[in-house]
1. For the range 427-445, give me each residue that is at pLDDT 95 or above and farther than 15 Å from residue 69 by Cα.
2. Within the range 354-374, does at least one residue satisfy the condition of being surrounded by fewer than 23 Cβ atoms within 10 Å (Cβ to Cβ) and under 21 Å from the mean Cα position of the chain (by Cα)?
3. Scan 276, 186, 242 and give me the residue that is more than 25 Å from residue 170 (Cα to Cα) and modelled with pLDDT of 95 or more.
4. Would you tally the residues in the range 70-96 being touching a helix residue (DSSP H, G or I) at 6+ places or on another chain (Cβ under 8 Å) and farther than 24 Å from residue 27 by Cα?
5. Are there strands (runs of 3 or more DSSP E) fully within the range 299-403 with at least 1 residues that are within 25 Å of residue 477 (Cα to Cα)? List them.
6. Would you check if there is a residue in the range 87-94 being modelled with pLDDT of 95 or more and on the phi > 0 side of the Ramachandran plot?
7. Would you mention how many residues in the range 256-276 are part of a helix (DSSP H, G or I) and free of Cβ contacts under 8 Å to residues at least 40 places away in the same chain?
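The values are calculated or read from the model by the stated rules, or taken from the named source; none is laboratory data. What you are looking at is a predicted structure, and each value in this text was computed from that prediction instead of being measured. Here Cβ is always computed from backbone atoms with ideal geometry, including for glycine, and neighbour counts include all displayed protein chains.
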Ligand code: GLN
C-alpha cells in the first residue's frame with residue numbers, strides 16, 4: 001500500500017440494468033492498478049439470497065467461485081480477469097448476507113435493549129463489509145459496485161450507506177461514479193439526456209451528488225451534449241465520460257483511458273497520478289485479439305445455452321486461449337437436449353473441438369453423453385469440465401467397459417455401476433446452500449500426460465464446485481481399458497483429471513479451469529485445447 005488512507009470509489013447505475021457497471025469498474029481498476037495502486041473491486045448485490053450458489057443460471061448467469069470457496073456474482077470473474085488478482089468471499093456481499101449477519105448478532109444479544117432497524121443496523125453492517133476489505137488487505141483503493149439500478153426499493157440501504165460513508169470520510173476519500181444510458185432515438189435522429197438527468201435526480205433525492213457520470217451510448221456524444229449533461233446534472237465538464245459501444249469488453253480500459261476516467265478520479269480523490277499506465281501487455285493482447293491468423297470452431301455443449309452469461313468464464317477463457325494461439329475461437333453453443341444418436345453426426349460435424357460444460361441434474365445429460373462418444377470415437381479434441389468430465393467417465397463405462405447401466409448417482413441413485421458417486425463428506429448433508437466441495441484444492445499431475453504438457457508442472461491448484469466425484473472402486477477397470485487418472489488430489493485421493501492417452505486430445509477435469517483464466521495469464525488447459533483443435 002502506498003497511500004496513507006484507503007480511498008473508496010462507488011459505482012452506481014441508472015436508467016436500466018445491464019449497462020456494464022462491472023466492466024466499467026474493472027476497467028477503472030485496471031487503469032489505477034497500471035498506475036501502481038493496489039486496487040480491489042467489490043460487488044454489493046441487493047437480492048436476498050445469501051449467495052448466488054442456489055440460483056438457477058437462467059436467473060443470474062454463471063456462479064463464479066473464488067479461491068476461498070465463495071459462490072459469487074459473475075462480475076467477480078471480470079474483476080479477476082482484468083486485474084489478474086484473486087478475489088475472496090469479502091468481495092461479494094448480498095442483502096441476504098447482510099441481514100443474516102445482523103440477525104445473528106441480534107440473537108447473540110449484541111443489540112440487547114435496542115430495536116434493530118434498517119438504519120442504523122443494516123447500513124452499519126453494509127459499511128462494515130465495505131471497510132473490512134480495505135482493513136484486511138491494505139488496499140489503496142476499493143471500488144465498490146452497487147448492483148441494480150438507483151430507485152429500486154432494495155438498493156436504498158446501499159445508497160444510504162454510500163451517502164453516510166461520503167459524509168463520514170469526506171469527499172476527498174469517497175467518490176461516486178454513476179453509469180447511465182443515453183439512448184438514441186431513430187425517429188428524430190437524436191441522443192437523449194433526459195433519462196440521465198432523471199436518474200441523477202433520484203441519486204440527489206437520496207442525498208448523493210455523483211462526482212463522475214459515465215454515459216453508455218451507441219453514438220459519439222457531442223460537446224454540446226456533454227455540456228448539457230454537466231450543467232443539468234451538476235457535475236463538472238471533464239467528469240462527463242463517454243462509454244461508447246465497443247466490439248470487445250477488453251477495449252473498455254483503453255477507451256476509459258482515452259476519456260481520462262482514471263485521471264479525473266485520481267484528481268478528485270486528491271492522489272497523485274502516478275506513472276503513465278503500464279498497459280503494454282494489455283494492448284498487445286488486444287492487437288492479437290483483433291487480428292487473428294486462424295479460425296477454429298468449438299462446440300460448447302450445455303443446457304443453459306440460451307443465456308450466454310451462464311458460461312461467461314468459459315467463453316472468456318476461449319478468448320484468452322484463442323489470442324495465445326493467434327486464433328479466433330468461434331464458439332457454437334449447442335443445446336444438449338437437441339443431440340440424439342440419430343442426428344449427432346450432423347449436429348457436431350464441422351467442429352474442431354468439443355467442450356461439455358458443467359451442470360446439475362439430469363436434463364440434457366444423455367445428449368452430453370452422446371457428444372462425448374462422438375468426440376472419443378471421431379478423435380475430436382475434447383475438454384470436459386466438471387459434469388463434462390463425469391459424462392466422459394459415464395460414456396467410457398457404458399461403451400468401452402460395457403457397463404451399460406453405468407451412471408452417476410446424481411442422476412440414477414439406484415444404478416448398479418455408480419462410476420460417479422457422492423463424496424463421502426456429502427452423504428449426510430441436507431442443506432443446499434454453500435455445501436458443495438468449493439474453492440481451491442491441490443492436484444498432482446502425472447508427467448506423461450497431456451495435462452502436464454499444458455501446465456508444465458506437476459503440482460497445481462484449481463477451483464471446485466461439485467458434490468459428486470469419480471468412484472475409485474472402478475479406477476482399475478478404466479485404466480486397463482485406456483482411460484487414465486492423471487491428476488489426483490494428494491490429500492483425499494480424489495480423481496481430478498481423466499485422460500485417454502490414445503486420443504488426439506481428450507481431457508476431463510473435475511475442477512473448473514475457467515475460473516483461473518485471465519487476460520495476462522490465459523489458462524494452460526484452454527490454450528492446449530484450442531491448440532489441439534487448431535491442429536485437428
Ligand atoms: N452436478 C455435478 C456435481 O455436483 C457436477 C457439478 C458441476 O458441473 N459444477 O458433482
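1. Across the range 427-445, the qualifying residues are 443, 444, 445.
2. yes
3. Details: 276 fails: modelled with pLDDT of 95 or more; 186 fails: modelled with pLDDT of 95 or more.
Just a single option satisfies the conditions, and that option is 242.
4. 1
5. Details: elements: 327-335, 353-356, 382-385.
Strands (runs of 3 or more DSSP E) meeting the threshold: 353-356, 382-385.
6. Scanning the range 87-94, I find no residue that is modelled with pLDDT of 95 or more and on the phi > 0 side of the Ramachandran plot, so the answer is no.
7. 3
Conditions tested, residue by residue: (1) at pLDDT 95 or above; (2) touching a helix residue (DSSP H, G or I) at 6+ places or on another chain (Cβ under 8 Å); (3) surrounded by fewer than 22 Cβ atoms within 10 Å (Cβ to Cβ).
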| position | (1), (2), (3) |
| --- | --- |
| 4 | no, no, yes |
| 10 | yes, yes, no |
| 26 | yes, yes, no |
| 41 | yes, yes, no |
| 50 | no, yes, yes |
